[in-house]
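These notes concern the structure reproduced below.
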């Protein structure tokens, strides 16, 4: 096997790149499936500390600059 890769060094590089690509695809698919199972909320709940200074009437309006 070592003699084969000595005669074809580019094949070893291509095999390594293929394994890296498969690993990247696996990580992306794994994280996407986790995000679908546990979606993040779009807004903070009314009782969240970040919304403590807002009232219920101005909760949907953007802050003024």
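Scoring residue 65 on the criteria (1) at pLDDT 90 or above; (2) part of a loop (DSSP other than H, G, I, E, B) leaves a single failure, condition (1).
Can you confirm whether residue 15 is modelled with pLDDT of 85 or more and surrounded by 10 or more Cβ atoms within 10 Å (Cβ to Cβ)? Yes; evaluated as a whole, the condition is true for this residue.
The values are calculated or read from the model by the stated rules, or taken from the named source; none is laboratory data. Predicted model, so just to flag it, every value in this text is computed and none were measured. Here Cβ is always computed from backbone atoms with ideal geometry, including for glycine, and neighbour counts include all displayed protein chains.
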